[in-house]
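Okay, structure first, notes after.
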Amino acid sequence: MLEIKDLTVKVEDKTVLNKFNLTIEDGQTHVIMGPNGVGKSTLTKVIMADPNYEILSGDILYNGKSILPLATDERARLGIFLAMQNPLEIDGVTNSDFLRTALSSKYQKNVNLYSFIKMLDKAKSDLKMPDEMVHRSVNKGFSGGEKKKNEILQMKMLEPTFIMLDEIDSGVDVDALKIVGDNINTYKSEHPNSSYLIITHYTHLLKYVKPDKVHVVKEGKIVKSGDYELALEIENNGFNFEKIVIGAFDGSDASE
Ligand SMILES: Nc1ncnc2c1ncn2[C@@H]1O[C@H](COP(=O)(O)OP(=O)(O)OP(=O)(O)O)[C@@H](O)[C@H]1O
Ligand SMILES: [Mg+2]
């Protein structure tokens, strides 16, 4: 579904990603871990066409076609979704209006109000979000954990197929983490072809959402790949690479 080939990205004169390679197949869940500032969020923003990041070389293919010529909204319409590490606040636009507009844009026609409200009510109750939250400005004054749940609300409503969750577990309390994990799992089972790129520093979320592959990013590329065990090893030992044998890794056959 998503293929990142030799991607080199610069931001403010600094090369953040350096010949980065990763392939995520339909239905797979990949996890990226790595120290602060190595370019994990940068990767997600580049996939979403954030203009602050300059692609020096390489390509990003989605279902076999380069998405580099496409703008953010066109990529979103293809089904690419990012739950941001720091979700944006949009003052003056209610959550409900935002979602309805986004859905109309996705389907290129006005969505039926009755079915929209029904869907929103269900998503909101699945996430145990209070009613008033959908009538407030998007993320304005939301607590850290509420913002993260709101990202999952957007995912459930917009029904994307390639989903990036950037630290969706940070700032989320234990009960909310279970709700978020359960909702991701339900979404996965209802959308069996959907694929995931989950960025996290911990294994908490991975106890609910089982990864197919776990990758470690350092110095602009994947330096180690494995399965859930690798995430546990990192949680116990940190990024102590003396204990982990590093090989230049292209991310495409991580289980090898
Ligand atoms: N818009 C920007 N302007 C200047 N520097 C940037 C910008 N975006 C990212 N960077 C820099 O690029 C590097 C990678 O940032 P990024 O946010 O991708 O890190 P990360 O791996 O997600 O870290 P964390 O685990 O802390 O979230 C950092 O040194 C960061 O300061
Ligand atoms: Mg980040």
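Looking at Val93, Val111, which one is touching a residue at least 12 places away in the same chain (Cβ under 8 Å), more than 22 Å from the chain's Cα centre (by Cα) and not in a helix (DSSP H, G or I)?
On the way: Val111 fails: touching a residue at least 12 places away in the same chain (Cβ under 8 Å).
Sole residue among the options that is touching a residue at least 12 places away in the same chain (Cβ under 8 Å), more than 22 Å from the chain's Cα centre (by Cα) and not in a helix (DSSP H, G or I): Val93.
Here Leu88 fulfils each of the conditions (1) modelled with pLDDT of 95 or more; (2) within 17 Å of the chain's Cα centre (by Cα); (3) closer than 24 Å to Lys148 by Cβ apart from (1).
Residues satisfying the criterion are absent from region 177-194 (criterion: surrounded by 22 or more Cβ atoms within 10 Å (Cβ to Cβ), part of a strand (DSSP E or B) and among the hydrophobic types (A, V, I, L, M, F, W, C)). Within region 100-147, the set of residues being among the hydrophobic types (A, V, I, L, M, F, W, C) and under 21 Å from Asp182 (Cβ atoms) comprises Met119, Leu120, Ala123, Leu127, Met129, Met133, Val134, Phe142. For Ile234, which of the numbered conditions (1) crowded, with 16+ Cβ neighbours inside 10 Å; (2) more than 15 Å from ligand 1 (Cβ to nearest atom); (3) assigned to a helix (DSSP H, G or I) fails to hold? With (1) crowded, with 16+ Cβ neighbours inside 10 Å; (2) more than 15 Å from ligand 1 (Cβ to nearest atom); (3) assigned to a helix (DSSP H, G or I) applied to Ile234, the lone miss is (2). Of the residues making up region 24-60, those that are outside any loop (DSSP other than H, G, I, E, B), within 25 Å of Tyr202 (Cβ to Cβ) and not aliphatic (A, V, I, L, M) are Thr29, His30, Lys40, Ser41, Thr42, Thr44, Lys45. Restricting region 49-82 to residues that are surrounded by fewer than 18 Cβ atoms within 10 Å (Cβ to Cβ) and among the hydrophobic types (A, V, I, L, M, F, W, C) leaves a set whose member that is nearest to ligand 2 (Cβ to nearest atom) is Ile55.
The values are calculated or read from the model by the stated rules, or taken from the named source; none is laboratory data. A quick note: this is a predicted structure, and the numbers were derived from the prediction, not measured. Here the Cβ is made from the backbone with ideal geometry for all residues, glycine too, and neighbour counts use every protein chain on show.
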